[in-house]
Each structure stands twice: as C-alpha cells, then as structure tokens.
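Q: Here's a structure for you.
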Amino acid sequence: MFRLAVFLCALCAVSWGFLCLRIVSPGKWGGRPANCSSPLKAVQTGYVIVLHTAGGSCKTGAECNQQMTNIQHYHMNNKGWCNIAYNFLIGEDGKVYEGRGWNTEGAHTYGYNDISLGIAFMGDFTGRSPNAAAWIALKHLLHFAVENGYLSSDYLLMAHGDVSHTISPGQPIRKVLKTWPHYKH
C-alpha cells in the first residue's frame, strides 16, 4: 500500500505539476469515534456539494487539527449528530481532513445527504476565496474520488447555496466553481 501511495504521488507530481492529495484521517487529527452507520445510496455517487464551515480558517496542520476537533465537538455535542456533518473538509494548509469519509451519509444538505459527498472549506468565505493550496486539494480530492470509484466520472458539482437557502459557500467560491466543467446549477 505504501509503495502504491508513493507511486501515485510521483505520478501526480509529474502529470499535474503540484503536490499530491494528502488526506488526514480522524486518528491523525484527533477525532473521536463516530456513531454513523447510514451509507450513501450508491458507492459511486454522482453529486458533490461544496460548502464552507463559516467558522475559523486554518493555515497550518496544528490549526486545522484544532479546527477539526472544534467542529466535531460542535456537531456531536451541540447538534447531536453522529459525527461531523461533512464527508471531507479542506484547510488552507492544502490538506483534506476526513469527516464522515467516502461511503457514509452526511448531514450537510437536506435532500442531498444520502446521495452526495459534502466537501467543506474550513473558514468563512463570504468575503474571500480560499487560497490556492485549498483549491488544489479540492481538485486532487475530486480526481482521486473519480479514479477510485467513489464518484461517477460524470458527477455534478454544486455550491451549497445552489440547492439550499444559504449563502454557503460564499460568492467567491461559487465564482470559481462556475468555471469548472462539472459545475451544475
């Protein structure tokens, strides 16, 4: 498995010209055990909802680990959910942080929780766009998801506010997403 990861990173760096996908598991960011058991309706989903957490942003691994534990505490203790609402979260350190993971139903977008991957940028992006490292991480995550069968190759990419009455993920994010080939609204 390690050799495959090294090979994929080398291939990724050669073909895309930048760093590879780095997913931080709950065990690495300090996550508590979750009680989620509802799977997505399909192993290979056809939808991605992009959100923002509307809280603090993070630019270092330590800051992002702390944000993840804060978000998990809020979602589990205050909201009463089984775990973080999102499948994955992205920090401005260029890493992807696992929330519910690939095949577990989220709690992020009513009507789409069981048929989509919910991916949230950590921070409030109503007034600015995430940095380049965060955008690159999202591109890598989507590519990885398609290549590994978690996401259909003809998936639809949507902003949270496209399917819900909210300003999430903010106009700066929506402006960028509208230029991506899978964006649908």
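The values are calculated or read from the model by the stated rules, or taken from the named source; none is laboratory data. Everything numeric here is computed off the predicted structure, so don't read it as measured data. Note that each Cβ is placed from the backbone with ideal geometry, even for glycine, and that neighbours are counted across all protein chains shown. Side chains included, ligands, DNA and RNA excluded: accessible areas come from the protein's heavy atoms. Shrake-Rupley method; radii C 1.70, N 1.55, O 1.52, S 1.80 Å.
Q: Take segment 143-156 and flag every residue that is among the hydrophobic types (A, V, I, L, M, F, W, C) and either open to solvent by 10 Å² or more (accessible area, probe 1.4 Å) or farther than 19 Å from Tyr97 by Cα (or both).
A: Correct list: Phe144, Val146, Leu156.
Q: Identify, from the list Gly161, Gly101, the residue that is in contact (Cβ under 8 Å) with a residue 12 or more places away in the chain and part of a loop (DSSP other than H, G, I, E, B).
A: From the options Gly161, Gly101, the qualifying one is Gly101.
Q: On the basis of being modelled with pLDDT under 95, out of contact with any helix residue (DSSP H, G or I) (no Cβ under 7 Å at 6 or more places or on another chain) and closer than 23 Å to Leu21 by Cα, does Asn103 make the cut?
A: yes
Q: While we're on this one: Could you please let me know if Ile115 is closer than 23 Å to Arg174 by Cα, in contact (Cβ under 8 Å) with a residue 12 or more places away in the chain and open to solvent by 10 Å² or more (accessible area, probe 1.4 Å)?
A: It is true that Ile115 is closer than 23 Å to Arg174 by Cα, in contact (Cβ under 8 Å) with a residue 12 or more places away in the chain and open to solvent by 10 Å² or more (accessible area, probe 1.4 Å).
Q: For segment 84-106, what are the residues that are farther than 26 Å from Arg128 by Cβ and open to solvent by 10 Å² or more (accessible area, probe 1.4 Å)?
A: Answer for segment 84-106, where residues must be farther than 26 Å from Arg128 by Cβ and open to solvent by 10 Å² or more (accessible area, probe 1.4 Å): Arg100, Trp102, Asn103, Thr104, Glu105.
Q: While we're on this one: Restricting attention to segment 28-82, and to residues there that are outside any loop (DSSP other than H, G, I, E, B) and of a type in the set (Gly, Ala, Ser), which single residue is surrounded by the fewest Cβ atoms within 10 Å (Cβ to Cβ)?
A: Ala62
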